[in-house]
Amino acid sequence: MAATARVARGPALTPDGSAPAPPATGPVKRRGPWRTGLLLASPAIAVLALLFVAPLFMLVYNSFRTQAGDPTLDNYTRFLGDSFYRGVLWHTLWIGALTTLGCLVVGYPFAVYLRGRSPRARNYLSLVLLSPLLISMVTRAYGWLVLLGPKGPVADAFHAVGLDAPKMLYNDTAVVVGMVHVMLAYMVLPLMGSLDRIDPALTPAAKGLGAGGWTCFWRITVPLSLPGMLAGSLIVFSLTVSSFVTPAILGGPTVKLMPYFVYTEATSNLNWPYAAAIGFVLIVVTTVLTAGYARLLRGRGGKEVFA
């Protein structure tokens, strides 16, 4: 009986009759998922820190220095205390808002149209949409100079119907038209992503309950596409207010935006600290406005839209 009891108290055998492996003597250390993710993201973090964080830090550091290297706040007081520069800042933001609105008005119907096309048609139309990004910025801008010039096709169309062609170059209209042409893809692509995630059964179900076409569009399609609208608007606005080539060529000497003065102070006047201050003011104002716009749109659309 004692031997039987000792056998019963012994370790259980595996199905093949062999003894089980001895238990581990110490706890097994497992690498947490956050450590694995951090290890995988470390190359991208290093590149971001080297190419973005470090230059931004140097920009801020130089903006609080004189040309001789002494600490000062004169660069900011000079900019904020001058009504001319404040007007330039406001004009830059105004051009960015108009470009964003133009891209949204033109791009939203195009994105809705692409949603119902076949894969082949979407590929061809997407290639047409992205084709301006395959051309140099200078080439695109000079192409619009030809189109909008006093002897260009647009002016000839006005003359053909007996009308005087308006001035279409070296003003805000020319800059906005050129920037919408460049930035349209950055608005349409996020919108396409949001529209593709909408359940296609929602609209037929709403129509089955008596809703009309416009009601389905305004109550279903538009609210559920707000994430793409938000992403596209932020991208277009941020890129527009920091653009230099297209506004400089199409705006000419009459349209001066913030990037132009950064370039002028850094290259012509060789005043790098003041150029850094202008650039940092533009970064701060753009960040605050985009963050406020995102918060406002989230509040209008509801938390479930941005989940």
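With the calculation restricted to Cα positions, what are the radius of gyration and Dmax of segment 54-98 in angstrom?
When restricted to the Cα atoms of segment 54-98, Rg and Dmax are 13.4, 40 Å.
Given q = 0.15 Å⁻¹, what are the Debye log10 I(q)/I(0) values for the chain, with equal point scatterers placed on the Cα positions and solvent ignored?
So the normalised log intensities are -1.32.
Which value, in debye to the nearest 20, describes the size of the charge dipole of the chain about its Cα centre when Lys and Arg Cβ atoms bear +1, Asp and Glu Cβ atoms bear -1, and nothing else is charged?
Computed about the Cα centre, the dipole is about 1260 debye.
What do you get for trypsin sites (Lys or Arg not before Pro) in segment 110-160 restricted to DSSP loop and a cutoff of at most 10 other Cβ within 10 Å of the site's Cβ?
Lys151
With a 10 Å radius around each residue's Cβ, average the other Cβ atoms per peptide and rank 89-98, 215-224, 128-137, highest first.
Sorting 89-98, 215-224, 128-137 by mean packing, highest first, produces 89-98, 215-224, 128-137.
Taking each full run of DSSP H in the chain as one helix, which ones are at least 20 Å long along their axis (Cα atoms) and have mean Kyte-Doolittle hydropathy of at least -0.5?
33-48, 83-115, 172-196, 226-241, 272-301
Would you be so kind as to identify which of His181, Asn62, Ala121 lies farthest towards the positive end of the dipole of the chain, taking Lys and Arg as +1 and Asp and Glu as -1 on Cβ and the Cα centre as origin?
Farthest along the dipole direction, towards plus: Ala121.
So who's got an amide H within less than 5 Å of the one on Arg65, skipping anything under 5 residues away but keeping other chains? H placed 1.01 Å off N, in plane.
Counting only residues 5 or more places away or on other chains, the set is Thr72.
Quick check: residue separation of Tyr113 and Leu80 times 0.36 nm, minus the Cα distance between them. What number comes out in nm?
Additional length available on full extension: 7.3 nm.
Give a residue-ordered list of calculated ³J(HN,Hα) values for segment 253-262 (Karplus: 6.51 cos²θ - 1.76 cosθ + 1.60, θ = phi - 60°; whole Hz; x for Gly, Pro).
Here the 3J(HN,Hα) series is x, 9, 10, 10, 10, 4, x, 5, 6, 4 Hz.
Per the 1.4 Å probe, what fraction of the accessible area of the chain, in percent, lies on carbon and sulfur atoms?
69
The values are calculated or read from the model by the stated rules, or taken from the named source; none is laboratory data. Quick caveat: nothing in here was measured; it's all calculated off a predicted structure. Here the Cβ is made from the backbone with ideal geometry for all residues, glycine too, and neighbour counts use every protein chain on show. Calculation scope for accessible area: heavy atoms of the full protein, side chains included, ligands and nucleic acids excluded. Shrake-Rupley method; radii C 1.70, N 1.55, O 1.52, S 1.80 Å.
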